[in-house]
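Reading through the structure tokens given below for one structure.
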Amino acid sequence: MDDFEGRTGLDALVARAEALAASGGRRILGIAGTPGSGKSTLAAAMTRALGGRAVLVGMDGFHLANEELVRLGRRDRKGAPDTFDVRGYVALLGALRQQREGVLYGPRFDRSLEASIGSAVPVDANVPLVITEGNYLLLRHGGWDGVRAMLDESWFIDVPADVRHERLIERRVVGGYTGADIDEWVRTVDEPNARMIEEQSAPADLRIDSTALALSAITSTD
């Protein structure tokens, strides 16, 4: 496992992603971390920096639909590991690894709708690097252990607990939530998930200090 630090953090990460994209064939880079760690922002920055050589297919596109969560009795903890279609996610990553021609499609999660939109992300076979990001990419149980085998390289973003908490509160506010419900959700859903991720994830190939990154907008978008 490597450690990453330094003021030129973003440039170094872009160079590492570019090297992976240039290594031949289809490669998949996974960026994991707790809620509020900045992984969505970093993944989007990597994708922009690599231009047409990378495409972003996020884990969040595999959120189970709200009506299915209601049926399963899990709607009040949406975002927990068992509120995703992990088998579908692993299957798509496997298909992307084997893709040699044509276009495959991935889903995208729309936060304004709180719902996934299917077939929203086209992945052309000529794109060498697929970047995927999410909370549970390195989780050791619940079917998530199948994700790690699909990744050519994995990164994990470390974030101080107080910074994470502030970002999670901000994310709820931006999402239109108000009052005591904000703190309760962060305290009873997001923070327990964060502790589980920190304690029960497999080692990453690279650990990143989120406070060292030269990103001006690592916010609570993830």
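Just so it is clear, none of the values below were taken in a lab; they were calculated from the coordinates. In this text, all values refer to a predicted model and were calculated from it rather than measured experimentally. For neighbour counting, all protein chains shown are included, and Cβ atoms are generated from backbone atoms with ideal geometry for every residue, glycine included.
When restricted to Cα atoms, the stretch 1-81 yields an Rg and a Dmax of 16.3, 48 Å, respectively.
GNM remark for the chain: springs join alpha carbons under 10 Å apart, and the peak mean-square fluctuation among Gly102, Gly51, Gly179 falls on Gly179. Geometric descriptor of the chain, per residue, is 115 Å³ (volume of the convex hull of the Cα atoms). If R0 is taken as 41 Å, the Cβ-Cβ distance between Arg75 and Asp209 corresponds to a FRET efficiency of 0.75. Only helical runs count toward this figure. For the chain, summing -39,500 (n - 2.57) over DSSP H runs of n ≥ 4 and dividing by all residues gives -10500 deg cm²/dmol at 222 nm. Footprinting exposure proxy ranking of His165, His141, fewest other C-beta atoms within 10 angstrom first, gives His141, His165.
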